[in-house]
Amino acid sequence: MENLKQYESKLIKIREELIHRTDRLNKNKTRPRSMGMQEADSIEQSVSVQNNEVVDRLEELDRIELDKVLKAITRIEQGIYGKCVRCGDDISSKRLEAMPFANICMDCMDS
């Protein structure tokens with residue numbers, strides 16, 4: 001595959017962005033403020049719980065994407081990157097440009 005180094009660089013960049021974003025999400029989880037000995041009021045606690053649920057879901061989506069990226073990097077190392085895991089045909093360069101961690105060709109996606 002002629003653009004293998006470009007795809008690998010792109011995947012490494014995506015991997016680093018996902019790791020950084022996950023770290024930022026973890027740091028930005030809200031916790032109810034304590035006001036001295038008093039507990040945060042129920043509205044603040046409710047908002048905090050909702051915010052954390054959103055952050056948790058975003059983290060989960062990032063972890064899923066990171067897993068796909070890591071698997072694509074492994075496929076590069078194994079020499080099988082760009083091959084469909086279902087049928088073995090080449091994945092189009094157009095698809096890999098749009099989604100460098102793609103592991104299924106468009107024909108298999110449609111079936």
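Just so you know, all these numbers are worked out from the coordinates, no wet-lab data involved. On a predicted model such as this, the values are computed, not experimentally measured, just so you know. Here Cβ is always computed from backbone atoms with ideal geometry, including for glycine, and neighbour counts include all displayed protein chains.
Collect the residues in region 72-91 that are surrounded by fewer than 13 Cβ atoms within 10 Å (Cβ to Cβ) and within 17 Å of the chain's Cα centre (by Cα), keeping them in residue-number order.
74 - this is the single residue of region 72-91 that is surrounded by fewer than 13 Cβ atoms within 10 Å (Cβ to Cβ) and within 17 Å of the chain's Cα centre (by Cα).
Go through (1) assigned to a loop (DSSP other than H, G, I, E, B); (2) free of Cβ contacts under 8 Å to residues at least 60 places away in the same chain and name the single condition residue 70 misses.
(1)
If you scan region 47-70, which residues turn out to be among the charged types (D, E, K, R) and surrounded by 15 or more Cβ atoms within 10 Å (Cβ to Cβ)?
Hits for region 47-70 are 59, 62, 65, 68.
Just for region 1-23: of the residues that are in a helix (DSSP H, G or I) and of a type in the set (A, V, I, L, M, F, W, C), which one is farthest from residue 65 (Cα to Cα)?
4
Quick check on my filter: what residues within region 92-104 are under 24 Å from residue 18 (Cα atoms) and either assigned to a loop (DSSP other than H, G, I, E, B) or not charged (D, E, K, R) (or both)?
Result: 93, 96, 98, 99, 100, 101, 102, 103, 104.
Condition check: among the basic types (Lys, Arg) and surrounded by 12 or more Cβ atoms within 10 Å (Cβ to Cβ). Does residue 94 satisfy that?
Against the criterion (among the basic types (Lys, Arg) and surrounded by 12 or more Cβ atoms within 10 Å (Cβ to Cβ)), residue 94 does not qualify.
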